[in-house]
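S.K.: Sharing a structure, written as structure tokens. Questions coming.
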Amino acid sequence: MIEFRGVNKWFGDLHVLKDINLTIGRGEVVVVAGPSGSGKSTLLRTINYLEPVQEGEILVDGEPIGRRRQGNRWVEDSPAEINRKRQEIGMVFQQFNLFPHMTALENVMEGLVTVRRMPRQEAERIAREMLARVGLADRMDHRPSKLSGGQQQRVAIARALAMRPKVILFDEPTSALDPELTGEVLNVMLDVARQGYTMVVVTHEMGFAREVAHRIVFMDDGRVLLDVPPEQFFRDPGHPRARDFLGRVL
Ligand code: ADP
Ligand code: MG
């Protein structure tokens, strides 16, 4: 479902993604872990072309995103192509990024109406169904300011699901939450994983990783150092940098 082929990225002189080769299958849940500044968010953001890359290519469901090879040169996607491909990829951020002036229901409907051009009635039906699925049937008419952080993040997940994406990306979805609110969000993510979605999750929640991930990708200094099943990662990652990291987060 997602493939990185020889990807390199720089911010100016800073080489932030180094020779990334990664394949994520349909329905796979991959947890990306690693120290702060190792390139996890950047890796995630290249998948929906929020960040362009300078070398290599990224394919989603077999389709190159952002740029593709044509003979021996690279051709950039048009903005319309990028928008079309982005609709297939859901993203959930650390800061929930909800519209403050809209209710939970309106937040979930927004993309369906404006991007998918769906009639309001149909969009509302889907939004209600998605909000119920994340346990917010009784909070649909609340604005974000009237919801807890955990509830806001669940609205953000409902919004991503409503678009029926092929892939959902999560960037530290529980890092901004009080500890007592992380569980409700992780439970919703667990439920999403069980529905067979392809998920890439950047998180320090190693309990979630152990229980849900098919693979753990460990990054350090822009490189993928390990790409292993969780059993192996937690038994002994076999790499001093990863052992170090585990010692700090467990
Ligand atoms: P992580 O998510 O693992 O903490 P990031 O992907 O956010 O790491 O960052 C990787 C490196 O790229 C860091 O050194 C960070 O400071 C740098 N970086 C991230 N975004 C930008 C940007 N927009 N401009 C310049 N440098 C950036
Ligand atoms: Mg990050």
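Since every read-out is calculated from the coordinates, none of them should be taken as a lab result. Just so we're clear, the structure is a prediction, and the values are computed from it rather than from any experiment. So basically every Cβ, Gly included, is an ideal-geometry build from the backbone, and we count neighbours across all protein chains shown.
S.K.: Taking the Cα centre of the range 186-250 as origin and charging only Cβ (+1 Lys, Arg; -1 Asp, Glu), how large is the dipole, in debye to the nearest 20?
M.R.: Dipole of the range 186-250, to the nearest 20 debye: 60 debye.
S.K.: Sticking with this structure for a sec: Which of R223, R194, R133 moves most in a GNM of the chain, Cα contacts under 10 Å?
M.R.: R194
S.K.: Mind putting a number on the dipole of the range 25-101 about its Cα centre? Charges go on the C-beta only, +1 for Lys and Arg and -1 for Asp and Glu, and I need it in Debye to the nearest 20.
M.R.: 40 debye
S.K.: Next question, about the same structure. Please name which of I126, M219, S148 has its Cα lying farthest along the dipole of the chain towards the positive end, using unit charges on Cβ (Lys, Arg +1; Asp, Glu -1) and the Cα centre as origin.
M.R.: Value computed over the given set: I126.
S.K.: Here's a follow-up. Cut-off 10 angstrom, C-alpha nodes, Gaussian network model of the chain. Which of N21, N72, N107 fluctuates the most?
M.R.: N72
S.K.: Where a Cα-Cα gap under 13 Å defines reach, which aspartates and glutamates qualify for K40, not counting those fewer than 8 residues away within the same chain?
M.R.: Within the straight-line limit of under 13 Å, K40 reaches these aspartates and glutamates: E51, D171, E172, D220, D221.
S.K.: Here's a follow-up. Anyone know which of R69, R45, R128 comes out most mobile in the 10 Å Cα GNM of the chain?
M.R.: In this elastic network of the chain, the residue with the biggest mean-square fluctuation among R69, R45, R128 is R69.
S.K.: Give me the dipole magnitude in Debye, nearest 20, for the chain about the Cα centre, with unit charges on the beta carbon: positive for Lys and Arg, negative for Asp and Glu.
M.R.: For the chain, the charge dipole is close to 480 debye.
S.K.: Still on this structure, please answer the following. Past the 20 Å Cα-Cα mark, which pairs from K146/K166; K85/K166; K18/K85?
M.R.: Violating the 20 Å Cα-Cα cut-off are K146/K166; K18/K85.
S.K.: Between rounded, prolate and oblate, where does the range 94-164 land on the alpha carbon gyration tensor, with a ≥ b ≥ c its root eigenvalues, rounded for a/c under 1.5, else prolate if a/b exceeds b/c? Before the final figure, lay out the partial values.
M.R.: On the way: a/c = 1.65, a/b = 1.49, b/c = 1.11.
Because a/c hits 1.5 or more and a/b exceeds b/c, the range 94-164 counts as prolate.
S.K.: Roughly how many nanometres apart are two label points built 7 Å out from the Cα toward the Cβ at R68 and D19?
M.R.: Taking the two extended label points, one gets 2.8 nm.
S.K.: Based on DSSP H runs of at least 4 residues, each adding -39500 (n - 2.57), what is the mean residue ellipticity at 222 nm of the chain after dividing by all its residues, to the nearest 500 deg cm²/dmol?
M.R.: -11000 deg cm²/dmol
S.K.: If a/c stays under 1.5 just call it rounded; otherwise compare a/b with b/c (prolate if a/b is bigger, oblate if not). Do that for the chain, with a ≥ b ≥ c from the square roots of the Cα gyration tensor eigenvalues.
M.R.: Note, shape of the chain comes out oblate.
S.K.: Moving on. Please report the relative contact order for the range 94-164, taking Cα pairs under 8 Å with a sequence separation of at least 6, and give it as a percent rounded to a whole number.
M.R.: 46 percent
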